[in-house]
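Just so you know, all these numbers are worked out from the coordinates, no wet-lab data involved. Nothing here was measured: the structure is a model prediction, and the numbers come from that model. Here the Cβ is made from the backbone with ideal geometry for all residues, glycine too, and neighbour counts use every protein chain on show.
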Amino acid sequence: MPETGRSWLRLVDDAQPEAEADGPLPGEAGRRRLAALRGQLRNQLAALRENPISAEARATPEGADAAAALERLTAEVTRLAEGWDRLAAAVAALSAGDGAAPEE
């Protein structure tokens, strides 16, 4: 699979000091951070889906193991993305102040 960028998700800009990197952000800044993280996660998921392991690579035992691991990873990332979508919906509902609890 070709390199798609960093192998981990960055929550803030690189210019921000590390001490502030994981702190909560209020209001609109927090919503923007969540949206950026969701976008990064979706991009990583798309890269996993768009770059399957070739049949030649799957022909070896090591390649078959790697393909199975990649399929498990893709399933886990998909579940994580769905969780982020639910979290974003909850944040949006709370931000809107409608008082309604998000659907499970």
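Tell me the net charge near THR78. Cut-off is 15 Å between Cβ atoms, THR78 excluded, with +1 for each Lys or Arg and -1 for each Asp or Glu.
+1
Each 10 Å bin from zero holds the following percent of Cα-Cα pairs in the range 27-96: 19, 37, 23, 14, 7, 1.
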